[in-house]
Structure formats: structure tokens, C-alpha cells
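> Okay, here's the structure, questions in a sec.
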Amino acid sequence: MAEPPGSKDPVTDTEWSDGEALTKVPFVKDVKLVSVEHPAIVNDVDKALATLGGCEELSKSFSNTNKRIALRWRPKDIYCKAVYGERYPTTNLLMKIKRRWRKGKPEESKYNMEVIGVIEITYKFQAMVDYQYLPMTRQPDQSYTSLTEKLVLNKLCDRREFLDNGCSLFLPPSSFSRMDFPDKTYLLRKDIEHRPGYVNPDRNRPQNLIGTVRQKRTIFTQFCSFGDHVPTHVSEKVVAALRSKYNNPEAEQKLEQLFKERPIWSRAALNLHFHKYKKKLKYLLPLTGFYYLSGPWRCLWCKFGFDPIENPEAKMFQTVDFRKRQGSVGERVGIKLKRKENLLQFQAMRRNVVGDTKINIRDIVMEEEEAVAEPAPLGTEDAEKLTKEEQQFIYTPTTIPPCRQMFYQLCDIRAPRIQHIIHKNDGKEKTCTERDGWCEAMAIDKCRDLMSYYTMKILSNEEDQQVSMVDYIARRKANFRKKKTRMARINKFGEDMSESDSDVSSDDTELEMEKVEAGPTGGDEEVEQEGEEEEDMNEMETELLDCI
């Protein structure tokens, strides 16, 4: 029975039409989808998901833009070598098409079409699979036996029983191939297509030079050091060159508006506002500002024409270089190095990590005195509200810095005690120094010491490891004197002195600690005899104690 003209599908509420007729298809552009082009013919969706690690592993790979999807043909085999799928941006549509026809007359077919969503990201497996090395051993009758049960523990057993059992030597390499893709000369790919205006550098250079195939990269960023003349604009040639690489008026207008609200920004803070254009910021920032190489605003982007050395209100935008101190929190918690995210899923080497304890900041309960000293908005609840991107540039007393070296702007440090030190000379700023900017002398060091103290306090969550500010300063004094004594001996006897002579004994260190804990009077008399450097340090620590 033929379909009446204009009939609709009861499920999709769309009309049926002939194959050659133009039809309007409903389209909802708000539905965003991710496509994975599986290199096999999928008959069982569950088995296909198992080869990709499951939905949870797919979600982790999708959330990390630089991470590839690993496909293992034998998911339960730990020795299976994976093939990796690359992430590509696409503009595809996922359509659902139904076909109806009459028995005996397939040419009289009706079609119903529906657009389910837009595919913006597609994972494609275009690389070669690495060689597979199976844990097998050959028997005298030329048959093979699997060694998986002997190599992998599938049940609980006594350690001595497992170690005493004999096992064949099986040491497979981590990988056989160094590259996923073969060389272009063997695959016979097309020649590399360059952008308009590309000039081969090998044609105009001597033949004795090596490594000149790649064209010299042009840097459009204007750099500025402390005390240099501040750039006021960008040249027209640079604007044309940058917009030829990436032209987005909407993003440029948004960046200009942000610099009007705040003249100095860090790259990490801008990444939060430009999550969609994060990779294109390198083309947008040189159009709006310049980059500081040294001084109180080091590693920050400043608006064109704004000179922070002449404006005391730029004090709140200064940077604090906070690092993991030697022999402190780095040995007790796995603070990672600040590196780019790897494309391969190989686990990095772990160094100087004791045990496998993982510290979750949300599970650490702060002391009652800390909760009373810090206001509620900046307490533990604030630490839970910070996202992973916000932790890259915002500091709170209840969070551990995510990397060993962090650059925080003073306006992004949410700690009342530190803000008290920063605002201590508000309205009394006289000169801007390269070391402390518009703040008081040694103010940045005081802020850095308080941040180290907060980090130590979080890690000392057990009762027998409680760290007070007095104990923390006493340790700092002892380490300072130990280092000063060692430097004095090196200057006196030369740099070739043995390690046993150059190091201060543990008894001397304990004696210094006793002198520090003797009392404020004896400590001050001893500091006056040590020199100007220790006087500055003692004055700084005394003010830190006053802030408690």
C-alpha cells in the first residue's frame, strides 16, 4: 500500500519522500557528538568498547585534548601492544535514514531522514599496529603453552610459594617500533604543501650547513625587561601576519575587553577565559600587549602603553615565584613538574617519592585554629570550588600547588594574612624596585614563606607532625646558619675541601636549633652578630610571627 502524500513518521515526526526529491530535514545544532572510527567491523558494541578501555577511559581521553585513544585487540592481555587513534576536528553530521518499499517493487521506495547531531571531534586510527609478542613457550612436541597464568597472579597465594616456583624467562621489550607512521619515501605520500609565500631555505644557504630544511620561525611577541621603554602599539605588518594565521574579531574584542578591566594578565588566567581559543592565544596576545621578561611582573602580559613602574595600582598584579623548597614538601607529596601533556600514554618515571600514598586535598581536615583564623569564604569550601584550571593561577591556604614552580599574581592569592603584608604600605608607595616592586622590602619573601608554611601545615595532618609557625621559622634559621657556615668554610679552605669537612654535623645543627628556641632575647643578640643578611631575615620572620 502506497504512502499517502505528506505522511509523517510517527516516531521522528518527519515526512517520507522519494529518493530523488528534495526534502527538508529537521536539524538541532546544539547536540554535539564525538566519533570514533573503529578499524574493525563492529558487530558487538560492548566488545568494541572493551578494546578501547570502556566508557570511562574514553571520557578521560576526550577531556584531555592532547591524549590519544589506545585500542587493544586483546583487552585482558597485559602484554598486548596498543594502536593509537589521533584526534581530528571535523564538521560532520550524524544522520539516521529509514527506507520503506513494497514487496516485489523495491524501486518504489520511500525515505525518512533525521539529523541526530553534529560531530565536531573524530578519532581516526591511521597508524600501524606494533609487533605483538605473546607470552608463550614451545613444548617438545612443537606445541605452544601460554605463560600468562605463571606471570600474572590471578589468586591469592603465599609469597614464598610464588617465588619458589620455576618460570621461563620472558622479558618482552616495551616497544619494537619507534614510530607509528612509516617514512614518506616508503609510503609514497604526497609532497608537503606549504603556505603561500614559503621559501625553501636550502636554496640560499651554503651546502655545509646541517638541519636547514625547516624555515626560520618568526616571533611576533614584543619583549620588555624591567626599566625598558614600554611599547605603545603593534606594527601593521605584524597585525597582517598574525591575522593571516588566525583571524577572529570576536576573540580579539574579548581579549581587549579583558585588558581594559585588568591591564596585566598571566597566561594561565587567560586560558580560563579563552578555553575555546586556548591554542590560538599565541596569535591574539601579540596584538594586545607585550611580555615582561624580568622584574616584579616577570612572565606576565601587559597592555600596550601601560607602564606598571609609573602606576602604583599595578602592585596587585605583581607575580610571586613560588617553588618547592629543597628537602620540604616535594619529598612527602608527589608535586609534579610543569611539563606539556604527553601525546603517548606512557607513564612517567617516579623520582624521590616515598611510598604510594596519594593525598586528596578534599579529605584533609584543617585544624580548628586555622579555620578560625581564615574567613569562611577562603577556607576549605573555597578549595573545593576551585577547578583544575583555576588552581593553575589562584592560590588558597587550603590547596597544594599543582606544580613544583608556580607563578601567582598578588591579586589571585586568596589568603588574608598574605594580603595584609601586601596592603601594608597602601598609599605610601615611593619607588618601584626590581625585586619587590611597589611592595615593602622583603614583602615578597614574607608572602613566599607564608605560602610554604601553609603547604607544610596541610601535609602535617597527623598529631605528631603538627607544624607551628615558630617551629617552621626555627627550622629556617637553622638551615640558614648551616648554609652560611658551610659557605664560610669553603671560602676559607677552598672549594676542594672534602664533603665531611664542608658539611655541618648534626650536633652543630641541633645546637643551632637550641639557640633559636632559647628565647627572643638571646636569639636577637645572636642575630645581630651574624651580619646584615641574617638581620633582614630575622626581621622578616618576626613580622611573620606578628601576622599570626
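The values are calculated or read from the model by the stated rules, or taken from the named source; none is laboratory data. Since we're looking at a predicted model, the values are computed, not measured. Using ideal geometry, Cβ is built from the backbone for each residue, glycine included, and neighbour counts are taken over all protein chains shown.
> In region 219-247, what count of residues is obtained for those that are touching a helix residue (DSSP H, G or I) at 6+ places or on another chain (Cβ under 7 Å) and free of Cβ contacts under 8 Å to residues at least 24 places away in the same chain?
Count: 0.
> Being crowded, with 18+ Cβ neighbours inside 10 Å and assigned to a helix (DSSP H, G or I) is the filter here; which residues of region 425-444 pass it?
ALA443, ILE444 - these are the residues of region 425-444 that are crowded, with 18+ Cβ neighbours inside 10 Å and assigned to a helix (DSSP H, G or I).
> Can you name the strands (runs of 3 or more DSSP E) wholly within region 14-114 that have at least 1 residues being touching a residue at least 24 places away in the same chain (Cβ under 8 Å), aromatic (Phe, Trp, Tyr) and surrounded by 13 or more Cβ atoms within 10 Å (Cβ to Cβ)?
On the way: elements: 32-37, 69-71, 83-102.
In region 14-114, the matching strands (runs of 3 or more DSSP E) lie at 83-102.
> Examine region 329-338 for a residue that is over 30 Å from HIS423 (Cα atoms), small (Gly, Ala, Ser), surrounded by 15 or more Cβ atoms within 10 Å (Cβ to Cβ) and modelled with pLDDT of 90 or more, and state whether such a residue exists.
no
> What number goes with the only condition from (1) modelled with pLDDT under 75; (2) more than 42 Å from the chain's Cα centre (by Cα); (3) assigned to a loop (DSSP other than H, G, I, E, B) that ARG178 does not pass?
With respect to (1) modelled with pLDDT under 75; (2) more than 42 Å from the chain's Cα centre (by Cα); (3) assigned to a loop (DSSP other than H, G, I, E, B), ARG178 is out only on (2).
> For residues in region 317-326 being buried (at least 18 other Cβ atoms within 10 Å of the Cβ) and closer than 15 Å to ALA443 by Cα, which is modelled with the lowest pLDDT? Quick ask: steps written out before the conclusion?
Quick first cut of region 317-326, residues buried (at least 18 other Cβ atoms within 10 Å of the Cβ) only: 317-320, 322, 324.
Keeping just the survivors that are closer than 15 Å to ALA443 by Cα gives 317-320, 322.
Values: PHE317: 95, GLN318: 95, THR319: 94, VAL320: 93, PHE322: 90.
Here the residue is PHE322.
> Within region 252-311, take every residue that is among the β-branched types (Val, Ile, Thr) and either touching a Cys at 6+ places or on another chain (Cβ under 6 Å) or in the same structural domain as PRO89 (by TED's automatic domain parsing) (or both) and give me the one that is surrounded by the most Cβ atoms within 10 Å (Cβ to Cβ).
So, considering only residues that are among the β-branched types (Val, Ile, Thr) and either touching a Cys at 6+ places or on another chain (Cβ under 6 Å) or in the same structural domain as PRO89 (by TED's automatic domain parsing) (or both), the one surrounded by the most Cβ atoms within 10 Å (Cβ to Cβ) is ILE264.
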